[in-house]
1. Quick check: with the 1.4 Å probe, what order do Asp4, Asp65, Asp45 take by accessible area, largest first?
2. Which whole-Hz ³J(HN,Hα) couplings does the range 48-61 yield from phi under the Karplus relation 6.51 cos²θ - 1.76 cosθ + 1.60, θ = phi - 60°, glycine and proline marked x?
3. Pulled fully out, how much extra length does the chain show between Gln54 and Val39, if you take 0.36 nm times their separation in residues and subtract their Cα-Cα distance?
4. Got a sec? What order do Val53, Val39 fall in by accessible area at 1.4 Å, biggest, i.e. largest, first?
5. Order the following by accessible area, largest value first: Ile44, Ile63. Probe radius 1.4 Å; ligands, DNA and RNA are ignored.
6. Taking the range 26-68, which GluC sites (Glu not before Pro) meet the DSSP loop condition and have no more than 16 other C-beta atoms within 10 Å?
Amino acid sequence: VAKDLALPMPALREHGGVRLVCEGRTQYLSLHGKTGHLVTAERIDREQLCEGVQQCVLRCEVIVDGEM
């Protein structure tokens, strides 16, 4: 995420307001504070999440508070 935002890691850590928000109540992914990588925060059960759907898509947004 840090690379995609073109932010060096120290800048990403300084923006304490970096959040990852996924649709639905369960937050399946989180942002690793030291590396800037997306990591799984919860077990993702495709059969339960996308029952009967051929293509399973989990939509998330990265929200950066403050000035960039």
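The values are calculated or read from the model by the stated rules, or taken from the named source; none is laboratory data. For clarity, every value in this text was computed on a predicted model and none was experimentally measured. When we count neighbours, we look across all protein chains shown, and the Cβ atoms used for this are built from the backbone with ideal geometry, even at glycine. Just the protein is used for accessible areas: all its heavy atoms, side chains included, with ligands, DNA and RNA removed. Shrake-Rupley method; radii C 1.70, N 1.55, O 1.52, S 1.80 Å.
1. If we order Asp4, Asp65, Asp45 from most to least accessible, we get Asp4, Asp65, Asp45.
2. Each residue of the range 48-61 in turn: 7, 6, 10, 4, x, 10, 5, 10, 9, 10, 10, 8, 9, 10 Hz.
3. Stretched out fully, the Gln54 to Val39 stretch lengthens by 3.0 nm.
4. Val53, Val39
5. Of Ile44, Ile63, the descending order of accessible area is Ile44, Ile63.
6. Glu42, Glu51, Glu67
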